[in-house]
Every structure is written in structure tokens, then in C-alpha cells.
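Below you'll find the structure, written out as C-alpha cells, and then a few comments.
The values are calculated or read from the model by the stated rules, or taken from the named source; none is laboratory data. Just so it is clear, the model here is predicted, and its values are computed rather than measured. Positions of Cβ are generated from backbone atoms using ideal geometry, with glycine treated the same way; all protein chains shown enter the neighbour counts.
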Amino acid sequence: MKSVLKIVPAACLAFALALGAVPATAQQQQPAPLTPAAIAAAKEILTLKNASAMYAGAVPGMVEKVKATLIGQNLNYQKDLNELAPVIAKQLAGREQEIGDGMVGVYAGMFTEQELKDLVTFYRSPLGQKLLTAEPKAINLSMQVMNEWAQHFSEVVASAFRAEMKKRGKDI
């Protein structure tokens, strides 16, 4: 379950990066009216993008996270809390759809109805299908590039600090 909690923020970051690719003109528009057709198109886009995979484990993940916090605060109730976790997860099953509904609202509010329809058409096209297939890998590889750069660059920065400190007669 801890891996789910790590995946959800990473998936959200990937989603945010994907939204960052929206042309500036679309980002600067006033919110579009949320028409039934716009909502339907936004839902279809998110379905085509398999967005629900980002939050599919949100309910059990949150139950586990809260349970762990409660156990940390109430060690004497660990057995009870462990027994209750699956019951509570079952009671709250399906609530992750609230995330999906919120995402639909974001898309429907960011794009006009026609833009949403155009996006549906694009995602159904061969290039759109290729993007849907390749984009998760491209995002993961991009994250690797950023992490590798950060690791290398941190060494460059540390070397610069050591060099400057050496000029002051201090070795670190």
C-alpha cells in the first residue's frame, strides 16, 4: 500500500506536466461554461487517457495512511485498527470517483466545448493513440532525465562550495 501512496503523487505530477503542455491561449481563457456536451467530452478524454488509473487505489491508500497515523497515536489499538481498515475501505469504496469528477470539471472548465470535441477527435486519431501509449513512458523517462541531472548537478554545486571554501582556507 505504501507504493500506492508514492505512485499517486507521481501520477499527479505527470498529470500536471501533461496539463503544462496546454497552449498558453487555452490557459489564459476565462473558464468555459460547463455544458453537458463539454462534460461528456471531458469524461471521454479522461477515459481515453485512462486517467482513472492515477487514482484507482486512492481509497485503500488513504485508509492505510490514516490507519498508520492512528496506530502511531494509539499503539494499544493496533489490532482493532488493523481489523477495521478493510471494513472502512469497503464502506468508502467508490469515493475515488470524486477525484475523477473533479478532473472532469477541470478539463470542462479549461477548454471550450469545441476544443474538448477536437481533443476527443485527436485522441482517437492514430497520432493521438500513439501519444496515449507513448506519453506515460516519455514522462517516466523525462523524470529519469531530471533526476539524473539533479544528481549530477548537485555534485557540481557541492564541488563549487568545496572550491570556494578551500579559497577561505577551510576544507569540507
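I'm trying to understand the selection: among the residues of region 25-62, which are among the β-branched types (V, I, T), within 11 Å of T112 (Cα to Cα) and at pLDDT below 95? Walk me through how you get there before you give the answer.
Restricting attention to region 25-62, the residues satisfying the condition of being among the β-branched types (V, I, T) are 25, 35, 39, 45, 47, 59.
Filter once more, keeping what is within 11 Å of T112 (Cα to Cα): 35, 39.
Scanning region 25-62 gives a single hit, T35.
Looking at (1) touching a Phe, Trp or Tyr at 6+ places or on another chain (Cβ under 6 Å); (2) more than 30 Å from L34 (Cβ to Cβ), which is the one condition that is false for I71?
(1)
Just checking, does region 142-162 include any residue being surrounded by 15 or more Cβ atoms within 10 Å (Cβ to Cβ), closer than 24 Å to I45 by Cα and not basic (K, R)? Reasoning before the result, please.
Filtering region 142-162 down to residues surrounded by 15 or more Cβ atoms within 10 Å (Cβ to Cβ) leaves none.
Within region 142-162 (the criterion being surrounded by 15 or more Cβ atoms within 10 Å (Cβ to Cβ), closer than 24 Å to I45 by Cα and not basic (K, R)), the answer is no, since none of the residues qualifies.
Can you name the condition, by its number, that E64 falls short on among (1) more than 30 Å from T35 (Cα to Cα); (2) not hydrophobic (A, V, I, L, M, F, W, C); (3) not assigned by TED's automatic domain parsing to the domain that holds K43?
Unmet condition: (3).
Any residue that is touching a residue at least 60 places away in the same chain (Cβ under 8 Å) and surrounded by fewer than 17 Cβ atoms within 10 Å (Cβ to Cβ) - is there at least one of those in region 88-103?
no
Would you confirm, using the coordinates I've provided, whether I139 is among the β-branched types (V, I, T), surrounded by 13 or more Cβ atoms within 10 Å (Cβ to Cβ) and within 15 Å of T47 (Cα to Cα)? Give the derivation first.
Values: among the β-branched types (V, I, T): yes; surrounded by 13 or more Cβ atoms within 10 Å (Cβ to Cβ): yes; within 15 Å of T47 (Cα to Cα): no.
Criteria not met by I139.
Do you know which residues across region 137-172 are under 30 Å from K49 (Cβ atoms) and in contact with a helix residue (DSSP H, G or I) (Cβ under 7 Å, 6 or more places away or on another chain)?
Filtering region 137-172 for residues under 30 Å from K49 (Cβ atoms) gives 137-150.
Listed by number, the list holds a single entry, I139.
Could you tell me which of the residues T121, T112 is assigned by TED's automatic domain parsing to the domain that holds A53 and either without any contact (Cβ under 8 Å) to a residue 12 or more places away in the chain or among the charged types (D, E, K, R) (or both)?
Details: T112 fails: either without any contact (Cβ under 8 Å) to a residue 12 or more places away in the chain or among the charged types (D, E, K, R) (or both).
Step by step, each of T121, T112 is checked, and only T121 is assigned by TED's automatic domain parsing to the domain that holds A53 and either without any contact (Cβ under 8 Å) to a residue 12 or more places away in the chain or among the charged types (D, E, K, R) (or both).
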